[in-house]
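The values are calculated or read from the model by the stated rules, or taken from the named source; none is laboratory data. All values reported here derive from a predicted model rather than from experimental measurement. Note: ideal-geometry Cβ built from the backbone for every residue, glycine included; neighbour counts use all protein chains shown.
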Amino acid sequence: MKRIRILILAVMSVFLISLTSCDLGFMNENDTLVNGSTSIVEESASKESTTSEEKSSATSGKSNTSEDKTSQTSEGEESKTSQTHSSSQESIDESSSESSIESSIESSIESSSEEIVDETGVLDLLHDYKNDYVYKTLGEDTNYGTIMQAAYDQYYVDCKEFLVSGEDLEPKTIGSNSYNIISAFETSTTSELYAIFSTIAVFVQDNPLFYFLETGYSSYSSKSGGITKYYGCILCYEEYLSGSTRDSLNSEIVSFKEEVDTEISSLLIDDEYHRIKAIHNLLIDRVDYSYVTDGDGNKTANNASYAHNIIGVVNTAGVVCEGYTKCYK
């Protein structure tokens, strides 16, 4: 029964992620965007002299909700705001100096012009995402297709480099808080920013090899000379900031893939159905569903990052449904 249950969950989740996460809806100002369990509402916009202040609240791509507060300060014609949208339910209400914000932008979107060196071979496991259903569907949106694909492209390049860089990620300071920003995509309107939020949601689910990605995301705005720019950011889990940690995990991932390929090949399976079933059996035999138990003996699903990505399967620490699905994908 366990194998049947996990098989159904894994197969259904793979298809549901591909289908439902791409059923995107976008909005004009003052409308509500609902994408999966993500709801973004622009609450108000008021003008004061030649500057404007905008407040937005958002929830993460997971079932948890977060409240975001944006505050602005003005010096002459310049103001800066920062906001976050993440599954941690953390809220911020702060402003930051121009120098720290601009430094965050530059370090977030900077890409190396040097050739990426992959000593583990993990990059060989990446797929050609531009032929995928998700990426193509993003591009079909008549209003935001081009910018969503551009954001996807940037996030992919930056994550690919981050995966094998071997370098530690330095958190970016915005106001009084720090955020583990891997990449920040620039937009010029809030409507474009909301489209990027949807892009991030499907990007995280569509790229399980980027195990370090948080399910949540953050955003901030920078205003100077009457021009406001908005940035949609993808974040890294705290435990994967270390380059040496990622290098070690990458080697484990490659070894795990080789083990799976060897075992499946040894079965001499000649049809797709039995190959899929064999992979399913291998995954559920390798790890159990990951629970945490409280002092009263009550069990709940593990919320640790490894339980929600491929690492919990690779190192046999255990996973929940999302981890099974991502590893199977």
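Quick notes on this structure:
- Residue that is surrounded by the most Cβ atoms within 10 Å (Cβ to Cβ) [pool: residues in region 136-155 that are in a loop (DSSP other than H, G, I, E, B) and touching a residue at least 40 places away in the same chain (Cβ under 8 Å)]: TYR144
- Lone qualifier among GLY312, GLY232 - being in contact (Cβ under 8 Å) with a residue 60 or more places away in the chain and either in a strand (DSSP E or B) or closer than 23 Å to THR120 by Cα (or both): GLY232
- Residue in region 274-281 that is of a type in the set (Lys, Arg), in a helix (DSSP H, G or I) and surrounded by fewer than 16 Cβ atoms within 10 Å (Cβ to Cβ) present: yes
- Residues that are β-branched (Val, Ile, Thr) and under 10 Å from the mean Cα position of the chain (by Cα) were ranked within region 204-237; the one that is surrounded by the most Cβ atoms within 10 Å (Cβ to Cβ) is ILE234.
- The combined condition, being in contact (Cβ under 8 Å) with a residue 24 or more places away in the chain and within 22 Å of ASP132 (Cα to Cα), is fulfilled by LEU213.
- Within region 107-120, being surrounded by fewer than 19 Cβ atoms within 10 Å (Cβ to Cβ) and either closer than 16 Å to ILE200 by Cα or modelled with pLDDT of 90 or more (or both) holds for one residue alone: ILE109.
- The condition of being surrounded by fewer than 18 Cβ atoms within 10 Å (Cβ to Cβ), of a type in the set (Phe, Trp, Tyr) and at pLDDT below 95 holds for TYR133.
Yes or no, residue by residue, for (1) within 16 Å of the chain's Cα centre (by Cα); (2) closer than 23 Å to VAL134 by Cα; (3) not in a strand (DSSP E or B):
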position	(1), (2), (3)
THR199	yes, yes, yes
VAL202	yes, yes, yes
GLU239	yes, no, yes
ARG246	no, no, yes
LEU249	no, no, yes
GLU252	no, no, yes
VAL260	no, no, yes
